[in-house]
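Student: The structure under discussion is supplied below as structure tokens; questions concerning it will follow.
The values are calculated or read from the model by the stated rules, or taken from the named source; none is laboratory data. Bear in mind the structure is a predicted one, so any value in this text is a computation, not a measurement. Cβ atoms come from the backbone with ideal geometry, glycine included; neighbour counts cover every protein chain shown.
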Amino acid sequence: MAVTRKVRRFSGGVYDLGLHVVWCPKYRRPVVGGQVASRLEELIRAKVDERGREIVGLEVMPDHVRLFVKHDPKPSASYVANQSKNFTSRVLREEFPHLRSKLPPLWLSSYFAASVGVVSAETVQRNIDTQWERPWKKGDGS
């Protein structure tokens, strides 16, 4: 699936930010299946929608969750990840008591997060390295 560029505006500029986040249940136990998995997906979608973000991809597996979300520039990656983890842990453990007995904290405290964009790191580096080679920069004194 190709991700299209959708530039958004805010008072300080424009942005197109994507974030890939992965997190796991404590001890990477395969406890997220069936009704728990369905409810987890509903909760993640609700939290993302509530915050005005956009889910590009979401995969709930028995032993981990992968979320690809477009977000605004103000929250950090840790804030975006921890919002989903904290909210879903609280609700799932209330609704599914067996999760409380198996896993006192539902999720590991750690997570993986990586920025995702439509411009590759190589393209950015090439643009930086060749900025003085552009015709409008030569000899204009700026």
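Student: Is there any pair linking a residue in segment 31-49 that is touching a residue at least 40 places away in the same chain (Cβ under 8 Å) and farther than 11 Å from residue 60 by Cβ to one that is in a helix (DSSP H, G or I) and among the hydrophobic types (A, V, I, L, M, F, W, C), with Cβ under 7 Å and at least six apart or on different chains, and which?
Tutor: If the second residue must be in a helix (DSSP H, G or I) and among the hydrophobic types (A, V, I, L, M, F, W, C), the pairs left are 31/99; 47/87.
Conditions (1) at pLDDT 90 or above; (2) assigned to a helix (DSSP H, G or I); (3) over 14 Å from the mean Cα position of the chain (by Cα); (4) at positive phi, marked per residue:
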{"position": "60", "(1), (2), (3), (4)": "yes, no, no, no"}
{"position": "66", "(1), (2), (3), (4)": "yes, no, no, no"}
{"position": "80", "(1), (2), (3), (4)": "yes, yes, no, no"}
{"position": "84", "(1), (2), (3), (4)": "yes, yes, no, no"}
{"position": "89", "(1), (2), (3), (4)": "yes, yes, yes, no"}
{"position": "93", "(1), (2), (3), (4)": "yes, yes, yes, no"}
{"position": "101", "(1), (2), (3), (4)": "no, yes, yes, no"}
{"position": "124", "(1), (2), (3), (4)": "no, yes, yes, no"}
{"position": "142", "(1), (2), (3), (4)": "no, no, yes, no"}
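Student: A further question on this structure: Being within 29 Å of residue 7 (Cα to Cα), touching a strand residue (DSSP E or B) at 6+ places or on another chain (Cβ under 7 Å), at pLDDT 95 or above and aliphatic (A, V, I, L, M) is the requirement here; does residue 44 meet it?
Tutor: Yes, satisfied.
Student: Quick check on segment 12-41: of everything there that is on the phi > 0 side of the Ramachandran plot and small (Gly, Ala, Ser), which residue is modelled with the lowest pLDDT?
Tutor: First, the residues of segment 12-41 that are on the phi > 0 side of the Ramachandran plot: 13, 27-28, 34.
Checking which are small (Gly, Ala, Ser) leaves us with 13, 34.
Values: 13: 76, 34: 96.
The extreme case among them is 13.
Student: Residue 62 passes all but one of (1) surrounded by 10 or more Cβ atoms within 10 Å (Cβ to Cβ); (2) under 18 Å from residue 17 (Cα atoms); (3) of a type outside the set (S, T, N, Q); which number fails?
Tutor: The number of the failed condition is (2).
Student: Give the residue, chosen from 73, 25, that is surrounded by 18 or more Cβ atoms within 10 Å (Cβ to Cβ) and in contact with a Leu (Cβ under 9 Å, 6 or more places away or on another chain). Before you say what the answer is, go through the steps one by one.
Tutor: Working: 73 fails: surrounded by 18 or more Cβ atoms within 10 Å (Cβ to Cβ).
None of the other options fit; the residue is 25.
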